[in-house]
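*Asks:* Mind having a look at this structure? Questions to follow.
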Amino acid sequence: MYEGPVQELIDELGRLPGVGPKSAQRIAFHLLYAGSDDVEKLAEVLLKVKQTVRFCEVCHNVSAEDRCRICRDPRRDQTAICVVEESKDVVAIERTREFRGTYHVLGGAISPIDGVGPGDLTVRELVMRLGDGTVTEVIVATDPNLEGEATATYLSRLLLPMGVRVARLASGLPVGSDLEYADEVTLGRAFEGRRYVQA
């Protein structure tokens, strides 16, 4: 335990996701020994993010304006929506340059253990986006874990009666991995998603 403000800083840093006690301590001492200009700049950026960044009124992605750059882009395919859990997932998919449609950020995944249900996510807003008939395909790109699967199943059952095609991202073996280290679920999905070789 450290005295006063140093311990308070360690405690606050330790509340961040992915930052354990040792990492919080390292970051705190880095900031303690850093120049005042660097620390002030970090504080300014943190405040600026909280004051200026908002969520897109259409897709709920993080944005500096009412609509994010993807929703403002007229070249995007308005007939396809890729549903993701978090804004960081949009960035990951955009890096592939494979998807040219729009997105919808749920703000998490269904997790009864954590008290997160469909009403805590932007599911209602997604359904409203499908109301005018423009969207013909919804790609559910939630994480391949228990919560992501539960969310994908819920969305599929909700959206299929609306007359849109619902797809789930394929999952299976990562490139460069060995079969002997794959778990049963991953290997099973790789078999389900197998593709036939064309002559």
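*Asks:* Against the definition (out of contact with any strand residue (DSSP E or B) (no Cβ under 9 Å at 6 or more places or on another chain), without any contact (Cβ under 8 Å) to a residue 40 or more places away in the chain, under 30 Å from residue 185 (Cβ atoms) and not assigned by TED's automatic domain parsing to the domain that holds residue 48), how does residue 132 come out, yes or no?
*Replies:* So residue 132 fails the test.
*Asks:* Name the helices (runs of 4 or more DSSP H) wholly inside the stretch 1-86 in which the number of residues that are outside the structural domain of residue 101 (by TED's automatic domain parsing) is 1 or more.
*Replies:* Answer list for the stretch 1-86: 4-14, 21-33, 36-52.
*Asks:* Let me ask something else about it. Test residue 139 against the stated conditions and say whether it is under 20 Å from residue 166 (Cα atoms) and touching a helix residue (DSSP H, G or I) at 6+ places or on another chain (Cβ under 9 Å).
*Replies:* The answer is no for residue 139.
*Asks:* Looking only at the stretch 101-117, filter to residues that are assigned to a loop (DSSP other than H, G, I, E, B) and of a type in the set (A, V, I, L, M); which one of those is surrounded by the most Cβ atoms within 10 Å (Cβ to Cβ)?
*Replies:* Here the residue is 110.
*Asks:* Scanning for something in a strand (DSSP E or B) and at pLDDT 90 or above, does the stretch 142-162 turn up at least one residue?
*Replies:* No; the residues of the stretch 142-162 include none that is in a strand (DSSP E or B) and at pLDDT 90 or above.
*Asks:* Now, a different point. Could you list, in sequence order, all residues of the stretch 21-30 that are surrounded by 11 or more Cβ atoms within 10 Å (Cβ to Cβ), of a type outside the set (Ser, Thr, Tyr) and out of contact with any helix residue (DSSP H, G or I) (no Cβ under 6 Å at 6 or more places or on another chain)?
*Replies:* 26, 29, 30
The values are calculated or read from the model by the stated rules, or taken from the named source; none is laboratory data. All of these numbers come straight from a predicted model, not from anything done at the bench. Cβ coordinates were reconstructed from backbone atoms using ideal geometry, including for glycine residues, and neighbour counts include every protein chain displayed.
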